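Colleague: Quick one: the structure is below, questions incoming.
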Amino acid sequence: MLPLLLLLQTTAPPQLTEFLQRSIGFDAQQLATVERGEPVVKVLDTQDRRDVAVFGIITTPVGRDQYVRALRDFTTSLRTPGRTQLGIFSNPATESDVAAVTITSRDVADMKNCKPGDCVVKLPATDMRRMNAYARRRLVEYVTDYRQRGDSAMAIYDDRGNLNVHSSEAFAAQFAESPYVYQTVPSLRSYFTAYPHGSLPAGAAEILFWSEDVLPRLRPILSVTHLIVYTPPELPGVTLAVRKQIYANHYFETAVDLTCVIDRNPGSYLLVLRRYRFDNLPGGILNIRGRAIGALRDQLTLDLRRQQTTGQ
């Protein structure tokens, strides 16, 4: 695989072309589409049948500095068309941060018959019989614990078809299939490995937020995400926005969203890699995965078009 470093250190079209051809599998028509300013999105092969990886790219007339300034306005940039609710956790987290979190009537009905090993709602086993007010309090406790202990605090799911599933291990597996990311940006690997004891370069921004997102053909997903935005010291001319899902109540054991904003003359390249690991749902994974692939691909296309024009 062409080292990603060669791509990220330059905006020369030949090197970008080589990366897209060798690593992503773009053909001549797709390359031409990128240069016309249109989004190109591709579902990538994965080793685990529960994983889905989606890559997308678009050019934008917005310069990197301007794009990043808009991105760092989190109360605005995180409000996307498919996001019905959003809250940013203060530090320390408080229950007022999650006052708008609600458990839907459908989820409440699902939870009535929950027991460890047999539940369609994704909560740790000890939490399955509690709702609403408890859920808000639990989210605050979870974020607080994560900030203190990092991956060791991440949820262990005991739901339908899954017993003792460590979401931290699923996160590690997602990056293991994208080794060029950590090889190219060792500061990112060091930070996630050491969290919360590591540090990012000066000027980095970091938040945790919760959101409810609606994707076509899927149920609304309540999730908690760790987001960092920074310019790696080893990659001048590049800013990374990395989203690490640390909890979701449906479908996913984990998800990773990596956006690279790369200097271009004029404007910027936006490269997005999104990786998801689905629940191991007996008899249903292929059906759910099939529906979700189309939804995730379509959503990334919409997001790229929106980001091209708004810079967010």
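The values are calculated or read from the model by the stated rules, or taken from the named source; none is laboratory data. Here the structure is a predicted model, which is why all the values come from computation and not from measurement. Cβ coordinates were reconstructed from backbone atoms using ideal geometry, including for glycine residues, and neighbour counts include every protein chain displayed. All accessible areas refer to the heavy atoms of the entire protein, side chains included, with ligands and DNA or RNA removed. Shrake-Rupley method; radii C 1.70, N 1.55, O 1.52, S 1.80 Å.
Colleague: Can you pull out every residue in the stretch 242-280 that is farther than 28 Å from Gly37 by Cα and either more than 15 Å from the chain's Cα centre (by Cα) or open to solvent by 20 Å² or more (accessible area, probe 1.4 Å) (or both)?
Modeller: Result: Tyr251, Arg277, Asp279, Asn280.
Colleague: Right, something else. In the stretch 172-207, which residues are surrounded by fewer than 18 Cβ atoms within 10 Å (Cβ to Cβ), out of contact with any Lys or Arg (no Cβ under 9 Å at 6 or more places or on another chain), closer than 20 Å to Thr225 by Cα and among the aliphatic types (A, V, I, L, M)?
Modeller: If the condition is that a residue be surrounded by fewer than 18 Cβ atoms within 10 Å (Cβ to Cβ), out of contact with any Lys or Arg (no Cβ under 9 Å at 6 or more places or on another chain), closer than 20 Å to Thr225 by Cα and among the aliphatic types (A, V, I, L, M), then Ala172, Ala176, Ala194, Ala204, Ile207 are the ones that fit.
Colleague: Another question about this same structure. Just name the residue that is farthest from the chain's Cα centre (by Cα) out of those in the stretch 94-112 that are at pLDDT 80 or above and charged (D, E, K, R).
Modeller: Glu95
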